[in-house]
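The values are calculated or read from the model by the stated rules, or taken from the named source; none is laboratory data. The shown structure was predicted, so the numbers you read here are calculated from the model rather than taken from an experiment. In this analysis, Cβ positions are derived from the backbone assuming ideal geometry, glycine residues included, and neighbour counts consider all displayed protein chains.
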Amino acid sequence: MLKVEHIGIAVKDFAASIPLFESLLGTSCYKQESVESENVRTAFFKTGDTKIELLESASLDGVIAKFIEKKGEGIHHIAFEVNDIEVEMKRLQATGFILLNEVPKKGADNKLVCFLHPKGTNGVLVELCQEVI
Ligand code: ZN
């Protein structure tokens with residue numbers, strides 16, 4: 001894996017959280033994007049070589065709404081950038097990690113993504129992402 005590409009943070013409300021993270025990080029949100037397949041809205045901030053991705057549920061029963069209901073707002077996942085997502089998925093699966101999607105899917109920010117089940121990663125939801133060229 002190449003680096004931590006971004007950290008995903010679940011928030012209830014962009015209207016409050018985007019200005020909060022703008023003043024925390026001292027930088028403006030540079031992109032907002034909806035991911036229809038996941039029923040979430042995303043907002044991105046650059047922090048050096050890494051990004052912060054805020055996640056807001058687009059519906060009352062979406063994955064982010066459910067996450068916040070269970071655990072409250074906070075860190076939702078850590079995303080690692082990889083060179084070849086299919087090779088990494090095969091490698092991790094062969095090592096016993098549980099993939100949450102069998103084929104890479106289209107994520108936010110022009111990426112192919114795959115999530116690993118937190119059961120196999122000490123409770124951390126891990127995202128693999130590969131930039132789509
Ligand atoms: Zn992410």
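Screening 97, 80 for residues that are within 12 Å of the ligand (Cβ to nearest atom), aromatic (Phe, Trp, Tyr) and in contact with a strand residue (DSSP E or B) (Cβ under 8 Å, 6 or more places away or on another chain) leaves exactly one candidate, 80. Within the range 117-125, not a single residue is within 14 Å of the ligand (Cβ to nearest atom), at positive phi and either in a loop (DSSP other than H, G, I, E, B) or touching a Lys or Arg at 6+ places or on another chain (Cβ under 9 Å) (or both).
Which one of these is within 19 Å of residue 128 (Cβ to Cβ), out of contact with any helix residue (DSSP H, G or I) (no Cβ under 7 Å at 6 or more places or on another chain) and modelled with pLDDT under 95: 61, 84, 49? Before you say what the answer is, go through the steps one by one.
Numbers: 61 fails: within 19 Å of residue 128 (Cβ to Cβ); 84 fails: modelled with pLDDT under 95.
After applying the criteria, what remains is 49.
Report yes if residue 45 is among the hydrophobic types (A, V, I, L, M, F, W, C) and touching a Leu at 6+ places or on another chain (Cβ under 6 Å), otherwise no. Spelling it out, residue 45 is indeed among the hydrophobic types (A, V, I, L, M, F, W, C) and touching a Leu at 6+ places or on another chain (Cβ under 6 Å).
Rundown of residues vs (1) surrounded by fewer than 17 Cβ atoms within 10 Å (Cβ to Cβ); (2) under 18 Å from residue 55 (Cα atoms), yes/no style:
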site: 88; (1), (2): no, no
site: 96; (1), (2): yes, no
site: 106; (1), (2): yes, yes
site: 110; (1), (2): yes, yes
site: 114; (1), (2): no, yes
site: 121; (1), (2): yes, no
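Of the candidates 9, 18, the single residue that is in contact with a strand residue (DSSP E or B) (Cβ under 6 Å, 6 or more places away or on another chain) and away from the ligand (no atom under 16 Å from the Cβ) is 18.
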